[in-house]
Each structure stands twice: as structure tokens, then as C-alpha cells.
Amino acid sequence: MSAPEPRTFAREREEMARHTIPQLIDLLESEDLRTRFLAEMVLRDATST
């Protein structure tokens, strides 16, 4: 399994950053690991932690 293309990851992160904090918290319960990872990353960015 190869690493995803960096531009794709950056684009996904930008799209995830459009969610509200409550939506990001809900996404932390996703079955999809990548979704949870991105939601946590963006949530940390949004809350400066």
C-alpha cells in the first residue's frame, strides 16, 4: 500500500476544515480511519491544541 498523493491529502484536509466543530466531533465516530484521522487533525487545528 503506497502513501496517498500529497495534493490529495491536502485537498481532503481543506474540505474537512469546512465542517463545524460539532460536525468534526461527530466524524470522530466514523468507521473510516482516514475520516477519523482527518477530523481529529482539523479539530486540533481549529481548537489550537
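Contact map, segment 24-36: residues that are free of Cβ contacts under 8 Å to residues at least 40 places away in the same chain and surrounded by 11 or more Cβ atoms within 10 Å (Cβ to Cβ) paired with residues that are outside any helix (DSSP H, G or I) and small (Gly, Ala, Ser), Cβ distance under 8 Å, separation 6+ or inter-chain. Pairs shown: Arg36/Ser30.
Taking helices (runs of 4 or more DSSP H) as the structural unit, those lying wholly within the chain and holding at least 3 residues that are within 8 Å of the chain's Cα centre (by Cα) correspond to 6-16, 33-47.
Just so you know, all these numbers are worked out from the coordinates, no wet-lab data involved. A quick note: this is a predicted structure, and the numbers were derived from the prediction, not measured. In this analysis, Cβ positions are derived from the backbone assuming ideal geometry, glycine residues included, and neighbour counts consider all displayed protein chains.
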